[in-house]
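The values are calculated or read from the model by the stated rules, or taken from the named source; none is laboratory data. Values in this document were obtained by computation on a predicted structure and should not be read as measured data. All Cβ positions, even for glycine, are placed from backbone atoms using ideal geometry, and neighbour counts span all protein chains on display. Ligands, DNA and RNA are excluded from the accessible area calculation, which covers all protein heavy atoms including side chains. Shrake-Rupley method; radii C 1.70, N 1.55, O 1.52, S 1.80 Å.
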Amino acid sequence: MNLFKTNPTTTEAWKMLLKKGQDIGSTKIIDLFDSSNNRLEKFSIEFDNMFLDFSKNIIDSETFDLLLKLSEDCQIKKNIKSLFDGDKINETENRSVLHTALRDFNLSSKIGKELLSDRKKIKKFTNDILSGKTKGSTNKKITDIVNIGIGGSDLGPNMVVESLKFYKTELNCHFVSNVDGDHLSEILKVIDPETTVFIIVSKTFTTQETLTNAKKIKEFLIHRSIEDLSKHFIGVTSNIKSALEFGLDKENIFNMYDFVGGRFSVWGSVGLSVSLAIGYENFEKFLKGANKMDEHFKSANLEKNIPVCLALISIWYNNFMNCETEAVLPYSEYLKFLPNYLQQMFMESNGKCTDRFYKKVDYQTGTIVWGGTGTNSQHAFFQLLHQGTKLIPCDFIGFKSSLHGNNDAHNKLMSNFFAQTEALMIGGSMGNGPFRKFKGNNPSNTILFDKVSPESLGMILSMYEHKVFVQGIILNIFSFDQWGVELGKSLASKLLTEIESKNILKHDPSTKNLLDKLINK
Ligand code: F6P
C-alpha cells in the first residue's frame, strides 16, 4: 500500500518558504490589508455556524499560495482519502485510523454495523439510567457517575462534560484520573455508593493509574456492603479478557477498537459519561457536529478547507518563523479544559523526531500547545503576548451569544475578545516611554461560532483533530502512535518495586539521592 509519504524539505515549496520566512521579517500584517483588496475574503472561511478569520497572520498571498503548494506536494488530498478509507496509516502499530467512523451515520460495512450497535447500547444504557429503569443494587435511582480513566480515557469526556454542562441531565458526573489516592478519597467522600455507577475506561486495561483506582473503588464498594457490584461497575475497553478478570460482567463492557487512538476516542463508548451527562440526543448532536466537519475536510478545496488552512498557518510559524508554541484561547468558561485536551491531541500526536521513512528529522515537528480562557488569561499571561520577546500565534475562539441570555456580560466578554486580537495585531502606545509601547504584529486566528452547543463543540474538536493530521502528513511523521510515553512507564514500575521493598538499586546520583529521601522519610 502506498502511504503517499514525502520529505517536505525536498519540495520546491519548502525551499521557497524558507526564503520567504527570512524575508518577511519586517512585514506588517496591517499593511497586508492595504496591499490586497480581497485579503479578508481570501483569508476567511464561512462554514455552517462557524466563521474562521485568519487574515490577522503574518502571511501574504504569495506565502499562502506556497503553503497550499506545499500541502499539494505532500499529497494531502490522497492522504485524506487514505485516512477515511481506513488504510493502515498508523504504520508503527499496523493499524487503521478510523475515529471518524465513530461519528459517521452512514455506515454500511461490517465494522460500521458494529459501531451502530455500540451506539444503540450507549443510548439504551443512558436512557435506562436516566429514566430510573436501571437502578443500583439496593434499588435506588442512580444519581452520580464516576469516570475512571486517564489521558484519552479522561481528558475528552471530562472536557466535553464540562463544556456542555448547560445541557446537563440530573446526573452528577465526577472524574478520577491521577493515581493520587487523596483525589479519589475526596470523590468517594461526596458520593453515595448505593446510587453511583463507576465507569472504568481503559483501552488497554493495563494502565497503572486506572487499575489502581478501580481496585480501590472495588474495595470501597465491598467495604460499604454493596452486594451486587455489577449494578455499579461498567467497563469501556478493547481488552475484554482483562476486564472480565477484574470482575466486570460481560454485558457491562462497552467496546473500544484498536483503530481508534485514546486521544481520539471520545466519539465512541469512551463518551458514555458524556451521553449520561447531557443525554443521548445531545451526545448524538455532538457526533453530528464532528461529522459535519469531517465532510467539509474531505470535500472542501484546500484554500477553503478549515483544518488544512489552520495546519498550514501553524506550519508556517513552526517551521519558517521559528515559533515554538501556540496558544488556544476560548472566550467561554465552559471551554476551560479545552487547552488541556488539545495538549494531548497535538503533543502526543506530533511530538516525534523520526519521520515516516524511519529517519531522524532535521526540521521542527510538533508545536507546544497551551492556553486558557479569556478574559482570565488577559489578567495572567497576556502581558507576554503583547510585550514579550516571543512570537506566539493564537487561536481565539468566541461565541456570538451567551447561553443564559447574559447579554450585558457577554458584550463585555466579546469586546475583550475583539479588542485583544486587534491590539495584538495593531500594537501602539499607551503614553510616553518604551514600557508603554506595544510592538503589535502578533498573529491570531479568530474562530467564531453562534453559541456553545453539542454541534459546535463537535465541530471544534474535529477541526483540531484534522489539523493535527494535516500537520503530521506534511511534517511526515506518524501522528497516531505514542511510543514516547513508554520509557517512563516502565521505569516507574521498576522504581515502585524498589520503593516498596525499600531497596534502591543503581541509579544516577541525583535520582538515587531523591529516592533515599523518600524511603527514609
Ligand atoms: O500513556 C499514554 C496513553 O497510552 C494515552 O495514549 C492514552 O490515552 C492513555 O495512556 C490511557 O490509556 P488506556 O486507555 O489504555 O488506559
For this session: Check whether at least one residue in the range 318-334 is in contact (Cβ under 8 Å) with a residue 24 or more places away in the chain, among the acidic types (D, E) and touching a strand residue (DSSP E or B) at 6+ places or on another chain (Cβ under 7 Å), and report yes or no.
Result: yes
Problem set entry | Any hit, the range 342-353, residues being assigned to a helix (DSSP H, G or I) and more than 18 Å from the chain's Cα centre (by Cα) | no
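Can you tell me which residues in the range 481-500 are closer than 18 Å to T212 by Cβ and open to solvent by less than 80 Å² (accessible area, probe 1.4 Å)?
Looking only at the range 481-500, we keep the residues that are closer than 18 Å to T212 by Cβ, and these are 485, 488-500.
Within the range 481-500, V485, G488, S490, A492, S493, L495, L496, E498, I499 qualify.
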For this session: Please work out which residue is nearest to the ligand (Cβ to nearest atom), limiting yourself to the range 479-517 and to residues that are touching a Ser or Thr at 6+ places or on another chain (Cβ under 9 Å) and touching a residue at least 24 places away in the same chain (Cβ under 8 Å).
Result: Q482
Problem set entry | Checklist (1) part of a strand (DSSP E or B); (2) away from the ligand (no atom under 16 Å from the Cβ) applied to I234, failing item | (2)
Seminar exercise, completed: Within the range 195-215, restricting to residues that are within 14 Å of H232 (Cα to Cα) and more than 23 Å from the chain's Cα centre (by Cα), the one that is farthest from the ligand (Cβ to nearest atom) is T195
For this session: Please give the number of the condition I24 fails out of (1) within 32 Å of the chain's Cα centre (by Cα); (2) at pLDDT 95 or above; (3) open to solvent by less than 40 Å² (accessible area, probe 1.4 Å).
Result: (2)
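Quick test for you: out of F43, F54, F84, pick the one residue that is open to solvent by 20 Å² or more (accessible area, probe 1.4 Å) and under 26 Å from I447 (Cα atoms). Please lay out each step first, then the result.
Working: F43 fails: open to solvent by 20 Å² or more (accessible area, probe 1.4 Å); F54 fails: open to solvent by 20 Å² or more (accessible area, probe 1.4 Å).
After ruling out the rest, the residue left standing is F84.
Report, by residue number, each residue of the range 27-40 that is without any contact (Cβ under 8 Å) to a residue 12 or more places away in the chain and surrounded by 14 or more Cβ atoms within 10 Å (Cβ to Cβ).
Of the residues in the range 27-40, the ones without any contact (Cβ under 8 Å) to a residue 12 or more places away in the chain are 31, 34, 37-38.
Passing the criteria: none in range.
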For this session: Count, please, the residues in the range 426-440 that happen to be free of Cβ contacts under 8 Å to residues at least 60 places away in the same chain, part of a loop (DSSP other than H, G, I, E, B) and under 13 Å from L385 (Cα atoms).
Result: 2
For this session: Among the numbered conditions (1) surrounded by fewer than 14 Cβ atoms within 10 Å (Cβ to Cβ); (2) under 26 Å from the mean Cα position of the chain (by Cα); (3) free of Cβ contacts under 8 Å to residues at least 24 places away in the same chain, tell me where F105 comes up short.
Result: (3)
Exercise. Conditions: (1) more than 16 Å from the ligand (Cβ to nearest atom); (2) of a type in the set (A, V, I, L, M, F, W, C); (3) part of a strand (DSSP E or B). V146 meets all but one. Number of the miss?
Worked result: (1)
For this session: For the range 150-159, name all the residues that are within 6 Å of the ligand (Cβ to nearest atom) and more than 9 Å from the chain's Cα centre (by Cα).
Result: I150, G151, S153
Exercise. Among the residues of the range 237-251, which ones are away from the ligand (no atom under 11 Å from the Cβ) and either surrounded by fewer than 21 Cβ atoms within 10 Å (Cβ to Cβ) or modelled with pLDDT under 95 (or both)?
Worked result: I240, K241, L244, E245, F246, G247, D249, K250, E251
For this session: Return a yes/no flag: does the range 124-142 have any residue that is over 13 Å from K231 (Cα atoms), crowded, with 17+ Cβ neighbours inside 10 Å and more than 16 Å from the ligand (Cβ to nearest atom).
Result: yes
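For residues that are at positive phi, assigned to a loop (DSSP other than H, G, I, E, B) and touching a helix residue (DSSP H, G or I) at 6+ places or on another chain (Cβ under 8 Å), tally how many sit in the range 354-371. Talk me through it step by step, then tell me what you get.
Taking the range 354-371 as the starting set, the residues that turn out to be at positive phi are 358, 371.
Add one more test, that the residue is assigned to a loop (DSSP other than H, G, I, E, B), and what stays is 358.
Applying the additional criterion that residues be touching a helix residue (DSSP H, G or I) at 6+ places or on another chain (Cβ under 8 Å) yields none.
Total meeting the criteria: 0.
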Problem set entry | Pair list, Cβ under 8 Å, 6 or more apart: the range 193-206 residue in the same structural domain as T134 (by TED's automatic domain parsing) and open to solvent by 10 Å² or more (accessible area, probe 1.4 Å), other residue in a helix (DSSP H, G or I) and near the ligand (Cβ under 7 Å from one of its atoms) | K203/G152; K203/S153; K203/G262
Exercise. Can you find a residue in the range 214-229 that is at positive phi and surrounded by fewer than 23 Cβ atoms within 10 Å (Cβ to Cβ)?
Worked result: yes
For this session: Could you tell me whether any residue of the range 442-456 is basic (K, R) and either open to solvent by 10 Å² or more (accessible area, probe 1.4 Å) or in contact with a strand residue (DSSP E or B) (Cβ under 9 Å, 6 or more places away or on another chain) (or both)?
Result: yes
Exercise. Could you list, in sequence order, the residues of the range 160-184 that are in contact (Cβ under 8 Å) with a residue 40 or more places away in the chain and either over 20 Å from S202 (Cα atoms) or away from the ligand (no atom under 16 Å from the Cβ) (or both)?
Worked result: V161, E162, S163, L164, K165, F166, Y167, K168, T169, E170, L171, C173
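Can you name every residue in the range 285-303 that is assigned to a helix (DSSP H, G or I) and open to solvent by 40 Å² or more (accessible area, probe 1.4 Å)? Working first, answer last.
So the first thing to find is which residues in the range 285-303 are assigned to a helix (DSSP H, G or I), and the list is 285-299, 302-303.
Scanning the range 285-303 gives K285, K288, K292, E295, K298, S299, E303.
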Exercise. Given (1) open to solvent by 50 Å² or more (accessible area, probe 1.4 Å); (2) farther than 30 Å from E303 by Cβ, where does L515 come up short, assuming only one miss?
Worked result: (1)
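Among the helices (runs of 4 or more DSSP H) lying completely within the range 10-115, list those that include at least 2 residues that are closer than 30 Å to R263 by Cβ. Can you show your working first?
Numbers: elements: 12-23, 29-35, 39-42, 61-73, 76-85.
Counting at least 2 such residues, we get 12-23, 61-73, 76-85.
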For this session: Restrict the check to the range 360-375 and report whether at least one residue is more than 24 Å from the chain's Cα centre (by Cα) and open to solvent by 50 Å² or more (accessible area, probe 1.4 Å).
Result: yes
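Taking the range 304-331 as the region of interest, how many residues are polar (S, T, N, Q), outside any helix (DSSP H, G or I) and open to solvent by 10 Å² or more (accessible area, probe 1.4 Å)?
Step one: list which residues in the range 304-331 are polar (S, T, N, Q), which gives 305, 314, 318-319, 322, 325.
Next, only the ones that are outside any helix (DSSP H, G or I) stay: 305, 322, 325.
From the residues that got through so far, the ones that are open to solvent by 10 Å² or more (accessible area, probe 1.4 Å) too are 322, 325.
Going through the range 304-331 one residue at a time, the tally reaches 2.
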